[in-house]
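Worksheet for the structure shown next.
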Amino acid sequence: MKSIKYIVALIALVGCTILSASAQNLADKTEKKIRMEMGIGLDAVYTGIHNVSSSDIKLSPRIGFGGHFDMGVVFGRNFAIETEVAYQRGSLIAASSSLDNEYKVKTTTIDIPVLLSLRVAGQRLRFIAGPVFTVMSKAQYSADDQKYEFGPVSPTWNVAGGIAVCMGGHFQLEARYVHALKATLNQIGCKEGEPGEEFNTNVYRLTVGFSVLF
C-alpha cells in the first residue's frame, strides 16, 4: 500500500510539474503575440517660441491643458506602434511697441501622432519618436469687442520625441517634445476692415501627460 501511495504521489508531482511548465510556456507564447493597447489621459502643455520674424513682436506663452485618447499595437515585449488623438488648449500674450495694448491669444490644437515605441526594463521604461500630424490649429484674440484670427500656432507637420514610465502596468507618466518643421504665418493688431501686422512664428511644444492604460 505504501508503494502505491508513493507511486501516486510521484505521478501527481510529475503531473503538476508538467502542467506548470506548459502553463509557463503558453504564457510566454501569449506574451510574444501581437496585442492591442488603449488609454486615456490628461496633459499640461507649454508652447515655446523659437523665434519671430518681426523684432517688434513679442510673444509670451502660457501653460495650457488638454486630453488624449491613445491606441497602440504592441509587438512582443519591446516594440509598439502608437497613435492618439490629442486635444490641447492654451494661450499666449502678444505685444509690440507699435500696438496700443497687449492681446491674449487663445489657441486650440488637435494632433494625431504616429510614434514608434521602444520598451525596456520589463516594459516599464519607454522611448517614443515619430511624426505628428496637426489636423487643426487655430488661435483668436479679442479687440474692441470683436474676435480676430491670429492664425495657426502649429504647422501641419511636426516631429516628436519623448520618454515615458509605466507604473503598475496601467498608469503612465510621459514627457514629450514636439518640434515644428516649418513656421506659421500670424498677424496681430487687426482692426475692423483692416489687416494687422503679419509675421512668421516658429514654435515648439513641451507636454507632460498622465495616462490610464487598459
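For the stretch 93-105, the condition of being within 26 Å of residue 38 (Cα to Cα) and assigned to a strand (DSSP E or B) holds for none of the residues.
Residue under question is residue 132, and the condition is that it be buried (at least 20 other Cβ atoms within 10 Å of the Cβ) and touching a residue at least 40 places away in the same chain (Cβ under 8 Å); does it hold?
Yes.
Please work out if residue 208 is buried (at least 20 other Cβ atoms within 10 Å of the Cβ) and assigned by TED's automatic domain parsing to the domain that holds residue 63. Here the answer is no, as residue 208 does not meet what is asked. Within the stretch 177-214, the only residue that satisfies the criterion of being assigned to a loop (DSSP other than H, G, I, E, B), closer than 25 Å to residue 147 by Cα and aliphatic (A, V, I, L, M) is 183.
Could you check, for the stretch 165-176, whether at least one of its residues is touching a Ser or Thr at 6+ places or on another chain (Cβ under 9 Å), part of a loop (DSSP other than H, G, I, E, B), in contact (Cβ under 8 Å) with a residue 60 or more places away in the chain and surrounded by 19 or more Cβ atoms within 10 Å (Cβ to Cβ)? No, the stretch 165-176 contains no residue that is touching a Ser or Thr at 6+ places or on another chain (Cβ under 9 Å), part of a loop (DSSP other than H, G, I, E, B), in contact (Cβ under 8 Å) with a residue 60 or more places away in the chain and surrounded by 19 or more Cβ atoms within 10 Å (Cβ to Cβ).
Listed here are the residues, each with its yes/no results for (1) in contact with a helix residue (DSSP H, G or I) (Cβ under 9 Å, 6 or more places away or on another chain); (2) at negative phi; (3) surrounded by 14 or more Cβ atoms within 10 Å (Cβ to Cβ).
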| site | (1), (2), (3) |
| --- | --- |
| 57 | no, yes, yes |
| 64 | no, yes, yes |
| 67 | no, yes, yes |
| 76 | yes, no, no |
| 88 | no, yes, yes |
| 96 | no, yes, yes |
| 101 | no, yes, no |
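Restricting attention to the stretch 177-209, report how many residues are farther than 21 Å from residue 98 by Cβ and among the basic types (Lys, Arg). Total meeting the criteria: 2. A single entry from 90, 67 fulfils the requirement of being at pLDDT 95 or above, part of a strand (DSSP E or B) and either of a type outside the set (Phe, Trp, Tyr) or not assigned by TED's automatic domain parsing to the domain that holds residue 147 (or both): 67. Residues in the stretch 177-199 that are surrounded by 15 or more Cβ atoms within 10 Å (Cβ to Cβ) and under 22 Å from residue 57 (Cα atoms): 180, 183, 184, 186, 187, 188, 189, 190, 196, 197, 199. Out of all the residues in the stretch 145-159, is one or more more than 24 Å from residue 59 (Cα to Cα), at pLDDT below 95 and not in a strand (DSSP E or B)? For the stretch 145-159, residues more than 24 Å from residue 59 (Cα to Cα), at pLDDT below 95 and not in a strand (DSSP E or B): absent. Is one or more of the residues making up the stretch 106-114 surrounded by fewer than 20 Cβ atoms within 10 Å (Cβ to Cβ) and more than 30 Å from residue 35 (Cβ to Cβ)? Checked against the condition, which is being surrounded by fewer than 20 Cβ atoms within 10 Å (Cβ to Cβ) and more than 30 Å from residue 35 (Cβ to Cβ), the stretch 106-114 yields at least one hit.
The values are calculated or read from the model by the stated rules, or taken from the named source; none is laboratory data. Computed from a predicted structure; not experimentally measured. Glycine also receives a Cβ, built like all others from the backbone with ideal geometry; neighbour counts cover every protein chain displayed.
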